[in-house]
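The values are calculated or read from the model by the stated rules, or taken from the named source; none is laboratory data. Remember, it's a predicted structure, so these values are computed and weren't measured experimentally. In this analysis, Cβ positions are derived from the backbone assuming ideal geometry, glycine residues included, and neighbour counts consider all displayed protein chains. The protein model used for the area step is the full one, side chains on, heavy atoms only, and it has no ligands, DNA or RNA in it. Shrake-Rupley method; radii C 1.70, N 1.55, O 1.52, S 1.80 Å.
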Amino acid sequence: MTDDDYDYDRAELRKKLDKVDEVPGSAKPNPILTVDRITRRFGGIAAVDVDHLEVQRGSITALIGPNGAGKTTFFNLLTGFDIPDRPQNGGEKPHWEFQGRSLASTSAFRVAREGMVRTFQLTKALSAMTVMDNMLLGSQEQTGEKLSRSMLWPLWRGKEKAIRAKAEDLLGRFKLLEKKDDYAGSLSGGQRKLLEMARALMSDPTMIMLDEPMAGVNPALTQSLLGHIQDLRDRGTTVLFVEHDMHMVRFISDWVIVMAEGKLVAEGKPGHVMQNQAVIDAYLGSHHDQDLGDDSVLDEDFATAVTQEDAELVKEKEALEAYADSVRAQEGDEN
Amino acid sequence: MDVGFYFSTLFTDFGSTALSVITASYVIAAIGLNIHFGFTGLLNIGQAGFVLLGAYGFAITVRFTQNFWLGVVVALVAAVLFALVLGLPTLKLRGDYLAIVTIAAAEILRLLGDNQLLAPFTGGTFGIPGSAFSKPFSALSPFPQNGLFQLGPFNYPLSEGDSWWLRIVAWGIVALSIVVSFLLVRSPWGRVLRGIREDEDAIRSLGKNVTVYKTQSLVIGGLFGAVAGIVNVLATSVSADAMGRTLTFELYTCLLLGGAATVFGPLLGTFLYWLVLVFLRDTIGFWVPSGILSQQQIPQITWIFVGVGLMLLVIFRPQGILGNKKELAFGD
Ligand SMILES: Nc1ncnc2c1ncn2[C@@H]1O[C@H](COP(=O)(O)OP(=O)(O)OP(=O)(O)O)[C@@H](O)[C@H]1O
Ligand SMILES: [Mg+2]
């Protein structure tokens with residue numbers, strides 16, 4: 001399943017990305033996913049309002065941004081789980097294509113069939129089914145899933161064996177093999193994240209979209225999973241993932257896209273993008289001017305925030321006491 | 001009072017209930033409901049509608065053509081169309097819509113069956129007597145057409161009406177239905193259904209066309225319902241009021257008692273349900289003086305017991321007798 005267009009050599013890929021402009025919506029030499037004019041409003045706010053975006057084929061691209069930036073909504077739109085707004089006053093329709101095929105108004109299951117498979121931020125493990133059954137459902141090759149063949153088990157038994165072997169291999173890599181006969185509902189939060197990611201990989205997707213894959217996964221396992229994600233890339237799967245942990249973003253991504261309040265605010269190489277003023281503004285408000293990748297900043301920032309909050313609480317308490325005093329004084333007058 | 005007589009009556013009644021064609025028809029309909037509710041999580045509250053449609057489709061066709069197989073085909077086609085009409089607009093929506101639409105549609109069918117305007121076909125409130133459509137089925141019997149056969153205390157006609165022939169066919173269909181449902185739900189197709197029951201969006205994200213699967217499930221469960229309808233009316237007669245909300249409620253009781261999402265749950269649950277009914281009827285009838293409870297009141301009292309029993313079941317053993325607590329179809 002090798003592909004001439006794909007940069008199996010990561011250095012080669014990085015070299016190409018070096019030449020890309022670090023501005024929001026910049027063109028990539030070999031985009032696998034291209035998005036144009038996609039907007040989604042909830043009531044008054046525009047959760048997503050992206051004008052143009054390209055994702056480089058063969059890259060590990062991180063999508064970052066503060067809480068509520070619209071990352072999950074953006075994923076939902078791209079994968080058919082949500083529908084973009086119609087353009088107002090005769091503007092052009094939203095359009096996005098994956099490997100040159102338009103995915104606008106494609107239903108969610110077809111998007112997955114096209115090879116673009118996603119996971120969910122709020123995990124969707126199938127609780128009353130075993131871990132193994134969860135995995136087997138991830139495959140798209142089991143023809144026994146067709147009603148017409150379902151009762152004729154000789155037609156699908158062989159395939160079932162192959163899929164099961166693949167599932168065991170993946171479960172092993174995700175440290176879930178001993179759990180294979182347990183109900184998915186009995187897994188911990190982090191284990192469910194892992195199961196969901198392993199399940200998505202069962203179909204050998206061309207591109208995988210992970211919504212906070214490492215949230216709740218212990219650091220030791222995170223390390224090995226990061227290795228696994230890079231391995232995945234090296235073997236031909238493009239990765240787009242949402243993540244809040246800047247270290248992880250820095251460690252594995254080739255390219256970073258930053259969203260804030262629904263818009264793309266910056267794009268660039270991981271080392272650079274954190275120093276971008278627009279990004280710092282988006283994360284911390286406009287009075288900071290430091291590198292976000294440096295965690296002492298975040299710690300300091302946290303400390304300042306706590307002091308500030310404390311000061312505000314003290315003020316509030318004083319105001320309340322003053323008010324209580326005045327009420328008591330008034331009551332005293334009336335008696 | 002003669003206790004010996006009580007026990008011999010009770011056991012004879014148990015036996016005839018266990019052999020009964022009506023019991024068999026309940027098992028078949030409950031197997032269909034199990035595919036809907038137990039395996040796919042479709043809240044169909046109108047399974048009686050499928051039973052009724054099968055019954056009328058079969059009875060009316062055979063009544064006018066005297067062709068048994070044509071009647072079967074019409075009944076099955078009617079059930080498929082009914083499933084599509086109910087499913088296509090609702091299966092893309094949240095589960096509750098299907099519940100509302102199925103109960104309403106089943107009621108509409110029942111009212112149509114009772115309607116005097118359609119009486120030339122349906123017989124209106126009087127229904128269609130078994131004699132109008134049961135001949136072609138009896139004619140298929142390998143046994144002599146006339147005559148009775150006695151086995152222990154059970155004495156039934158060989159081929160006509162509620163006969164041995166019908167019993168053999170009905171329980172044969174039950175066996176076949178269990179095999180078919182086993183093969184279906186243990187297959188990768190059945191696995192997708194169970195996945196849909198757990199989380200539709202997860203299944204969509206894995207590239208499966210959820211709407212198609214739900215439609216298939218609704219059609220197949222509905223076909224079992226229609227077959228149950230045919231079996232049922234061959235033993236009795238067609239009457240719309242026997243196939244209303246009460247029937248759906250009874251089918252849910254059978255299913256939950258045996259265990260939803262299990263292959264043998266519908267069979268075990270239906271047996272138990274009917275045996276409990278017979279036990280209550282015989283026991284109350286025998287031991288409670290008719291001055292306190294008249295013959296007419298006994299079924300009502302039995303119903304109250306059944307209702308309370310269902311409530312206790314759902315509260316204390318929601319997975320039923322055979323079910324797995326971790327894989328129950330409702331709640332978490
Ligand atoms: N179904 C919805 N109804 C109303 N508002 C919504 C809905 N989904 C998202 N929003 C709003 O859209 C905005 C973007 O939400 P989204 O979940 O995409 O953010 P996010 O970038 O994924 O945040 P996080 O990092 O916290 O996961 C938020 O303001 C949110 O309140
Ligand atoms: Mg999110």
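Phi-derived couplings, Karplus 6.51 cos²θ - 1.76 cosθ + 1.60 at θ = phi - 60°, listed residue by residue for the stretch B:139-153: 5, 6, 5, x, 8, x, 5, 9, x, 10, 9, 10, 10, x, x Hz, with x used for Gly and Pro.
Rounded to the nearest 20, the size of the Cβ-charge dipole of chain A about its Cα centre is 2500 debye, with Lys and Arg at +1 and Asp and Glu at -1. Scaled to the globular estimate 2.2 N^0.38 Å, the Cα spread of the stretch A:1-137, given as radius of gyration, is 1.18. In this simple spin-label approximation, A:E22 and B:K325 carry label points 7 Å from Cα along the Cα→Cβ vector, and these lie 5.8 nm apart. Note on B:L272 and A:K175: with the Förster distance fixed at 56 Å, the Cβ-Cβ geometry gives a FRET efficiency of about 0.80. Evaluated at q = 0.08 Å⁻¹, the base-10 log of the normalised Debye intensity for chain A, with identical point scatterers placed on the Cα atoms, takes the values -0.46. When you work out D = kT/(6 pi eta Rh) for the stretch B:1-121 at 4 °C and 1.567 mPa s, using the Kirkwood radius from C-alpha pairs as Rh and the Stokes-Einstein form, the result is 78 µm²/s. Here the peptides A:8-19, A:230-241, B:257-268, B:168-179 are ranked by packing, the mean other Cβ count within 10 Å, and the order with the highest first is B:257-268, A:230-241, B:168-179, A:8-19. For the stretch B:203-332, relative contact order (Cα pairs under 8 Å, six or more residues apart, normalised by length) works out to 26 percent.
Residues whose amide H comes within less than 5 Å of that of B:Y156, counting only those at least five positions distant or on another chain, are B:F149, B:L151 (H built at 1.01 Å from N in the peptide plane). In terms of Cα atoms, the Rg and Dmax of chain B work out to 20.3, 68 Å. Pairwise inverse Cα distances across the stretch A:150-227, averaged and inverted, put the Kirkwood hydrodynamic radius at 13.9 Å.
Residues of the stretch A:107-124 that bury at least 30 Å² of accessible area once all protein chains are present, compared with their chain alone (1.4 Å probe, heavy atoms only, ligands and nucleic acids left out), are A:F109, A:K124.
Projecting the Cα positions of B:A170, B:I196, B:N232 onto the charge dipole of chain B (unit charges on Cβ atoms of Lys, Arg, Asp and Glu, taken about the Cα centre) puts B:I196 furthest along the positive direction. Projecting the Cα atoms of B:V212, B:G15, A:V20 onto the charge dipole of the protein assembly as shown (Cβ charges, centred on the Cα centre) puts B:G15 farthest toward the positive pole. The heavy atoms of A:T39 present about 50 square angstrom of accessible area, all protein chains included, probe 1.4 Å. Each distinct pair of alpha carbons in the stretch B:170-311 adds a 1/r term; the inverse of their mean, the Kirkwood radius, is 17.7 Å.
With +1 on the Cβ of every Lys and Arg and -1 on the Cβ of every Asp and Glu, and nothing else charged, how large is the dipole of the protein assembly as shown about its Cα centre, in debye rounded to the nearest 20?
Numbers: 58 positive and 72 negative charges, 793 e Å.
Here the size comes out at about 3800 debye.
Within the stretch A:23-74, the proportion of Cα pairs with more than 14 Å between them is 58 percent. Ligands, DNA and RNA are left out, and with a 1.4 angstrom probe the accessible area of the protein assembly as shown is 46 Å² per residue. Only bridges with both residues in the protein assembly as shown count here: give the DSSP antiparallel percent, nearest 5. Taking every DSSP beta bridge with both residues in the protein assembly as shown, the antiparallel ones total about 65 percent.
The spacing between the stretch A:38-79 and the stretch B:154-227, judged by their C-alpha centroids, is 43 Å. Which of the residue pairs A:K166/B:K214; B:K214/B:K325; A:K146/B:K214; A:K124/A:K179; A:K71/B:K92 have a Cα-Cα distance greater than 19 Å in the structure shown? Too far apart for the 19 Å limit: A:K166/B:K214; B:K214/B:K325; A:K71/B:K92. A viscosity of 0.692 mPa s and a temperature of 37 °C, combined with the Kirkwood radius over Cα pairs in Stokes-Einstein, give a translational diffusion coefficient for the stretch A:127-262 of 203 µm²/s.
Taken one residue at a time, the phi angles of the stretch A:40-45 give Karplus couplings (6.51, -1.76, 1.60, θ = phi - 60°) of 8, 10, 10, x, x, 8 Hz. Gly and Pro are set to x.
Can you tell me the relative contact order of the stretch B:11-86? Whole percent, Cα pairs under 8 Å, sequence separation 6 or more. The partial results should precede the final answer.
Numbers: 42 pairs, mean separation 15.1, N = 76.
The normalised contact order for the stretch B:11-86 reaches 20 percent.
Buried accessible surface for the A/B pair, both sides summed and rounded to the nearest 100, is 2700 Å² with a 1.4 Å probe.
Based on a Kirkwood Rh over C-alpha pairs, give the Stokes-Einstein translational diffusion coefficient of the protein assembly as shown at 4 °C and viscosity 1.567 mPa s in µm²/s.
Numbers: Rh = 29.3 Å.
Roughly 44 µm²/s, to the nearest whole number.
The amide H of A:W255, built 1.01 Å from its N in the peptide plane, has A:I60, A:A62 as neighbours under 5 Å, considering only residues 5 or more places off or on other chains.
Once neighbouring chains are kept in place and the probe is 1.4 Å, which whole percent of the accessible area of chain B is contributed by carbon and sulfur?
Working: 10050 of 14150 Å².
The value for chain B is 71 percent carbon and sulfur by accessible area.
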